[in-house]
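The values are calculated or read from the model by the stated rules, or taken from the named source; none is laboratory data. Because the structure is predicted, anything quoted here is derived from the model rather than measured. Here Cβ is always computed from backbone atoms with ideal geometry, including for glycine, and neighbour counts include all displayed protein chains.
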Amino acid sequence: MDNRLKKFFFLIVISVLLPFSGCSLESLKSRSSETTAFQAASLGHISQSTLPPPDSPDDIMEKAETGVELNPSAVAGVWKASIGGMGCQIATPQTKFGQGYRAGPMHCPFSFLNVKSWALSGSKLIFYDNTGVPIAMLSSPDGNSFEGKTFSGIEVVLSR
């Protein structure tokens, strides 16, 4: 038998037998006599209610109308983001791309994974996917933070 083949079979035998090396009938017997009863935790009261329907894209556009007029250099940089309550970061460099400038979500939830570009429209900051479809529209009351929603209705907040 070739030396490599012997080593291969040896590794297979070891990998199969290794998990069983720690088990013995004595250790199983000693554990069975030490049973501990666990008390189930109460789940408390769970209420049921219906959620309101998500805002339509027109409602989101209207809400985003208020805010200060912005320019790309005011938006460029790295922003702390809260998307549906989950934290991440979004880089907004001034590199021309897609619908305006390149955007780079970092460790963001699924609803923002496809963000590839951003653009300004008056006081609105709009994020787009790679096909140019808008994903979220935000407005800024002061130029230091943005608030809005994705077009699927998820709250988005950006801050420095």
field: Pair list, Cβ < 9 Å and 6+ apart or interchain, from region 68-93 residues that are in a loop (DSSP other than H, G, I, E, B) and exposed (fewer than 15 other Cβ atoms within 10 Å of the Cβ) to residues that are among the charged types (D, E, K, R) and at pLDDT 95 or above
entry: Gly85/Glu155
message: Can you tell me which condition Gly143 does not meet? The list is (1) more than 14 Å from Ala81 (Cα to Cα); (2) more than 17 Å from the chain's Cα centre (by Cα); (3) in a strand (DSSP E or B), and all the others hold.
response: (3)
message: Of the conditions (1) touching a Phe, Trp or Tyr at 6+ places or on another chain (Cβ under 7 Å); (2) at pLDDT below 90, Pro72 satisfies every one except a single condition; which number is it?
response: (2)
- prompt: When the residues of region 99-121 are filtered to those that are aromatic (Phe, Trp, Tyr) and under 13 Å from the mean Cα position of the chain (by Cα), which remaining residue is surrounded by the fewest Cβ atoms within 10 Å (Cβ to Cβ)?
  reply: Phe110
query: Of the residues Lys149, Lys124, Lys96, which single one is closer than 17 Å to Ala76 by Cα, among the charged types (D, E, K, R) and either at pLDDT 95 or above or loosely packed, with under 13 Cβ neighbours inside 10 Å (or both)?
result: Lys96
field: Where Ile60 falls short, out of the listed (1) closer than 21 Å to Thr131 by Cα; (2) modelled with pLDDT of 90 or more
entry: (2)
message: Testing Val156 on (1) more than 15 Å from Ser82 (Cβ to Cβ); (2) part of a strand (DSSP E or B); (3) in contact with a Lys or Arg (Cβ under 9 Å, 6 or more places away or on another chain), one condition comes back false. Which one is that?
response: (1)
